[in-house]
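K.L.:
Could you have a look at this structure, given as structure tokens, before my questions?
The values are calculated or read from the model by the stated rules, or taken from the named source; none is laboratory data. Everything quoted here is computed from the prediction, not taken from an experiment. So basically every Cβ, Gly included, is an ideal-geometry build from the backbone, and we count neighbours across all protein chains shown. Note: accessible area is taken over every heavy atom of the protein model, side chains too, but ligands, DNA and RNA are not part of it. Shrake-Rupley method; radii C 1.70, N 1.55, O 1.52, S 1.80 Å.
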There are 2 protein chains.
Amino acid sequence: MANAFEFRILASDGAARRGELTTPHGVVQTPAFMPVGTQGAVKGMTERDLRENGAEIILANTYHLYLRPGDRLIARRGGLHRFIGWDGPILTDSGGFQAFSLGPRRRITEEGICFRSHLDGSEHLLTPELAADIQARLGSDIAMALDECLAHPATEDEARRSMERTLRWGRRSRQRLLWLQSQPSGAVLEDGRTPVRTNPGQAQFGIVQGSVYPDLREESARETQAIGFDAYAIGGLSVGESVDVMYETVSATAPLLAADRPRHLMGTGTPLDLIECVARGIDLFDCVMPTRNARNGQLFTGQGPLNVKNACYAEDDRPVDETCECYTCRHYSRAYLRHLFLAKEIGASTLNTLHNLHFYLDTLGRIREAIAFGSFESLRRAFHQSYSLRLLAHDADG
Amino acid sequence: MANAFEFRILASDGAARRGELTTPHGVVQTPAFMPVGTQGAVKGMTERDLRENGAEIILANTYHLYLRPGDRLIARRGGLHRFIGWDGPILTDSGGFQAFSLGPRRRITEEGICFRSHLDGSEHLLTPELAADIQARLGSDIAMALDECLAHPATEDEARRSMERTLRWGRRSRQRLLWLQSQPSGAVLEDGRTPVRTNPGQAQFGIVQGSVYPDLREESARETQAIGFDAYAIGGLSVGESVDVMYETVSATAPLLAADRPRHLMGTGTPLDLIECVARGIDLFDCVMPTRNARNGQLFTGQGPLNVKNACYAEDDRPVDETCECYTCRHYSRAYLRHLFLAKEIGASTLNTLHNLHFYLDTLGRIREAIAFGSFESLRRAFHQSYSLRLLAHDADG
């Protein structure tokens, strides 16, 4: 089980890679998109919906699950997979980003992130060690080291201090996981507690920070890899910087990360971002965009995004995307989806989410195929051309 | 198509009947339960979910669809079936109950129900003729005559006046539908409008009123049948009267309704109500209880209702109902469903609704089987005994 985590590159096309990631709960074809299941559920989706849409791995949020229903309760249920009824791979974030997002309700010290719960105001100190412990109890297949998320823009000085703290937290995160893994099953500590792991094969990713400063990114990439994680993520992007700066930073950082490990770009992005970052060597993506935007009525299509609440769709009998094979498009019209959205029906969220996830996952599937066939560049060009059609035609649509 | 509406009794057991109702959009095995799709969607369910749960007919609300997205828009989409992506039978209510429920925002005159929209405050006059026109445009398989709903309790005088008005409205409703059906396709009226029907085989049910007064019910049953509808419904129950009074009224009224037509009990009820009213000769039921209560965390089981938010389920790894074969029970634990409910996840509504509808539809299936085998009475006794188990064991559960 300790060697359950493996990554094989099957093909490459330019910097784009077609790979296969093995985890204790199964194999993920990469490049892959991970739907976000914040509270242990991808909003509006059942396990069956995710499977039918081709999802192979999902992401869950440590911060949310720690507060409710509690990582210890989940461990007593046998771990997160059993609790949420998803037996495929799961990645958990470290909780750092959510805690950071609490703004005035959190304070960052060298020890960790001190925050007040958004649920009941209770005070918590999220240390690198606690983040590792929680994730060990959840038993995700991939755990993330705790990092410090920096607001954008930040001065180079601020970015350096933060990047260096993330390195120190990364070392503590790694040390804790190795210590947890070294404990015999059923061990009891001096304080009477037992270190609980519900997934002996759990891998851990380190996170590269450094804001938009190439020197800092380079240093962070080098030093994070020196710690020796199972793989590496690029953090601190898609936080407000321009898309060009984001692409440049990915271009500069991805090649610095071990070629034989999957590269995860955190929290990104639009369909175009995905294709552009695959072109720069990224293998794993997660983002709330397809699911959150679905609930707000924005539907992704090969011709660009479509806002289903627009009046122009009131009597439009076409499916959202005429070439799409998702259940929503095979079965429902834009007119009906608009009605459901305006009537605030639960079904609007469900059907829109089904479609958007299908679009994201299907796009990744086409990307993987193109890399394997050596036609990634032409897919990339065709995608850009087609995706801008609606953006140009209906400016008001977005 | 004009003869599309047919009802055959396949078996009976005491007063309970096992039948088959043919409509322009397919056959319904009776006794049947109709999930309520207020705004053209059974909340939280897709067409696929309904099919998988065995739903054969659904109900939609004329009042809601008239206001949004509008019955004319739906007619332009080809009718309600095509608009909502459900090609099975649909029954539409007349809108009377919803308009009545608006309380101070409605005024009832001989002409009809004058009300202000709950959406934008606009004023509308719902006459028997308009209710028939709207339903003709929607193209449901079964339309309901407009009736006056009476608050409970009502004096016998109030109940008589209201019952007599419902009779007059019933005559106008029937006359209007017959007139609509007599118009040649594509006819243009003097005012330039066209009478639109999207379902030439639409049937129409009359509604028996009379509150809890046997004489009034008897008169209403006789006079409503004299009008000559395709079948008859019992209205004005499950509005606050005791369960005994409800059962008594059904016992007294059902036998007065033509034995060769399906009998519809409107807006009822609990699982016990269903079995008790089947025993009294009812064939069709509709009720928001399984869907609405699901969204409030109340789950129906063979051992009685279970409130999933109760703390006792926090670490309960069992399915909601260990004998249930619905997707929710095959896949998720009470602990997880409780978490979803407390976390206000959309999935709580979806999964709970899936289960409750399965329970209702499966119960009706077992009732049908028992009637066919002549074992309805023993099913009825066994159901009562089992269903009260949790009610007795966990009083706090409800």
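K.L.:
State whether the residues of the range B:290-300 include one that is within 20 Å of residue B:389 (Cα to Cα), away from chain A (no Cβ under 13 Å) and part of a loop (DSSP other than H, G, I, E, B).
P.N.:
Yes, because at least one residue in the range B:290-300 is within 20 Å of residue B:389 (Cα to Cα), away from chain A (no Cβ under 13 Å) and part of a loop (DSSP other than H, G, I, E, B).
K.L.:
Pairs please, first residue from the range B:40-51 and over 24 Å from residue B:73 (Cα atoms) and more than 7 Å from chain A (Cβ to nearest Cβ), second anywhere and part of a loop (DSSP other than H, G, I, E, B) and among the charged types (D, E, K, R), Cβ atoms under 6 Å, 6+ apart in sequence or on different chains.
P.N.:
none
K.L.:
When the range B:314-333 is examined, which residues are found to be over 20 Å from residue A:119 (Cα atoms) and touching a Leu at 6+ places or on another chain (Cβ under 8 Å)?
P.N.:
Matches in the range B:314-333: B:315, B:320, B:321, B:326, B:327, B:328, B:332.
K.L.:
Only residues in the range A:107-121 that are over 21 Å from residue A:162 (Cα atoms) count as the first member; pair them with residues that are assigned to a strand (DSSP E or B) and charged (D, E, K, R), Cβ under 7 angstrom, at least 6 apart or cross-chain, and list the lot.
P.N.:
Listed pairs, sorted by first residue: A:116/A:123.
K.L.:
Going through the range A:341-357 one residue at a time, which ones are more than 8 Å from chain B (Cβ to nearest Cβ) and of a type in the set (Val, Ile, Thr)?
P.N.:
A:353
K.L.:
Filtering the range B:358-375 down to residues that are aliphatic (A, V, I, L, M) and open to solvent by less than 10 Å² (accessible area, probe 1.4 Å), which residue is nearest to the other protein chains (Cβ to nearest Cβ)?
P.N.:
B:364
K.L.:
Read through the list (1) closer than 16 Å to residue B:65 by Cα; (2) surrounded by 13 or more Cβ atoms within 10 Å (Cβ to Cβ); (3) not β-branched (Val, Ile, Thr), then give the number of the only condition that residue B:122 fails.
P.N.:
So the condition that residue B:122 fails would be (2).
K.L.:
Can you tell me which residue within the range A:323-340, out of those that are surrounded by fewer than 22 Cβ atoms within 10 Å (Cβ to Cβ) and touching a Ser or Thr at 6+ places or on another chain (Cβ under 9 Å), is farthest from the other protein chains (Cβ to nearest Cβ)?
P.N.:
The residue in question is A:323.
K.L.:
While we're here: Quick check on the range B:387-397. Is at least one of its residues in contact with a strand residue (DSSP E or B) (Cβ under 7 Å, 6 or more places away or on another chain) and more than 14 Å from chain A (Cβ to nearest Cβ)?
P.N.:
yes
K.L.:
Mind checking which pairs have a first residue in the range A:169-191 that is closer than 18 Å to residue A:126 by Cβ and a second that is of a type in the set (Phe, Trp, Tyr) and modelled with pLDDT of 95 or more, Cβ under 8 Å, 6 or more apart or different chains?
P.N.:
These pairs meet every condition: A:170/A:229; A:174/A:229.
K.L.:
Which count do you get for residues in the range A:303-316 that are touching a residue at least 24 places away in the same chain (Cβ under 8 Å) and not in a helix (DSSP H, G or I)?
P.N.:
Of the residues in that region, 9 qualify.
K.L.:
Hey, can you tell me all the residues within the range A:317-354 that are in a loop (DSSP other than H, G, I, E, B) and over 28 Å from residue A:366 (Cα atoms)?
P.N.:
The answer is A:343, A:344, A:345.
K.L.:
In this structure, does residue A:11 turn out to be aliphatic (A, V, I, L, M), more than 10 Å from chain B (Cβ to nearest Cβ) and open to solvent by 20 Å² or more (accessible area, probe 1.4 Å)?
P.N.:
Considered against the rule, which asks whether it is aliphatic (A, V, I, L, M), more than 10 Å from chain B (Cβ to nearest Cβ) and open to solvent by 20 Å² or more (accessible area, probe 1.4 Å), residue A:11 comes out as yes.
K.L.:
When the range A:1-53 is examined, which residues are found to be among the small types (Gly, Ala, Ser), in contact with a Leu (Cβ under 7 Å, 6 or more places away or on another chain) and within 24 Å of residue B:335 (Cβ to Cβ)?
P.N.:
A:37, A:40, A:41
K.L.:
Under 24 Å from the mean Cα position of the chain (by Cα) and at pLDDT 95 or above: is that true of residue A:166 in this structure?
P.N.:
yes
K.L.:
For residue B:83, state whether it is of a type in the set (Phe, Trp, Tyr) and either closer than 26 Å to residue B:259 by Cβ or at pLDDT below 95 (or both).
P.N.:
no
K.L.:
Let me ask something else about it. Could you tell me which numbered condition residue B:57 fails, if it satisfies all but one of (1) open to solvent by 10 Å² or more (accessible area, probe 1.4 Å); (2) away from chain A (no Cβ under 13 Å)?
P.N.:
Only one criterion in (1) open to solvent by 10 Å² or more (accessible area, probe 1.4 Å); (2) away from chain A (no Cβ under 13 Å) is unmet by residue B:57, namely (1).
K.L.:
Do we have any residue at all in the range A:163-170 that's more than 18 Å from residue A:264 (Cα to Cα) and either in a loop (DSSP other than H, G, I, E, B) or open to solvent by 80 Å² or more (accessible area, probe 1.4 Å) (or both)?
P.N.:
Among the residues of the range A:163-170, at least one is more than 18 Å from residue A:264 (Cα to Cα) and either in a loop (DSSP other than H, G, I, E, B) or open to solvent by 80 Å² or more (accessible area, probe 1.4 Å) (or both), which makes the answer yes.
K.L.:
Is the range B:125-135 home to any residue that is touching a strand residue (DSSP E or B) at 6+ places or on another chain (Cβ under 7 Å), at pLDDT 95 or above, within 20 Å of residue B:284 (Cα to Cα) and open to solvent by less than 20 Å² (accessible area, probe 1.4 Å)?
P.N.:
yes
K.L.:
Consider residue B:147 against the criteria (1) touching a Phe, Trp or Tyr at 6+ places or on another chain (Cβ under 8 Å); (2) open to solvent by 20 Å² or more (accessible area, probe 1.4 Å); (3) of a type outside the set (A, V, I, L, M, F, W, C): it satisfies all of them except one. Which criterion is unmet?
P.N.:
(2)
K.L.:
Still on this model: Scan the range A:70-100 for residues that are free of Cβ contacts under 8 Å to residues at least 12 places away in the same chain and at negative phi and jot them down.
P.N.:
A:73, A:76, A:77, A:82, listed by residue number.
K.L.:
For residue A:186, work out the one condition from (1) over 20 Å from the mean Cα position of the chain (by Cα); (2) small (Gly, Ala, Ser); (3) open to solvent by less than 10 Å² (accessible area, probe 1.4 Å) it doesn't fulfil.
P.N.:
For residue A:186, the failing item is (3).
K.L.:
Also, quick follow-up: Scanning for something of a type in the set (Asp, Glu), under 18 Å from residue A:277 (Cα atoms) and modelled with pLDDT of 95 or more, does the range A:366-373 turn up at least one residue?
P.N.:
Within the range A:366-373 (the criterion being of a type in the set (Asp, Glu), under 18 Å from residue A:277 (Cα atoms) and modelled with pLDDT of 95 or more), the answer is yes, since at least one residue qualifies.
K.L.:
Does residue B:191 satisfy being open to solvent by less than 50 Å² (accessible area, probe 1.4 Å) and closer than 23 Å to residue B:136 by Cα?
P.N.:
no
K.L.:
Tell me, which strands (runs of 3 or more DSSP E) wholly within the range B:1-93 include 2 or more residues that are aliphatic (A, V, I, L, M) and more than 17 Å from the chain's Cα centre (by Cα)?
P.N.:
B:6-13
K.L.:
Same structure, new question: When only residues in the range B:1-29 that are touching a residue at least 24 places away in the same chain (Cβ under 8 Å) and in contact with a Phe, Trp or Tyr (Cβ under 8 Å, 6 or more places away or on another chain) count, which is farthest from residue B:377 (Cα to Cα)?
P.N.:
The qualifying residue farthest from residue B:377 (Cα to Cα) is B:24.
K.L.:
Please verify whether the range A:330-341 includes one or more residues that are without any contact (Cβ under 8 Å) to a residue 40 or more places away in the chain and in contact with a His (Cβ under 6 Å, 6 or more places away or on another chain).
P.N.:
No, the range A:330-341 has no match at all.
K.L.:
Go through the range A:76-116 residue by residue and tally those that are small (Gly, Ala, Ser), open to solvent by 20 Å² or more (accessible area, probe 1.4 Å) and under 23 Å from residue A:24 (Cβ atoms).
P.N.:
The number of residues fulfilling the criteria is 1.
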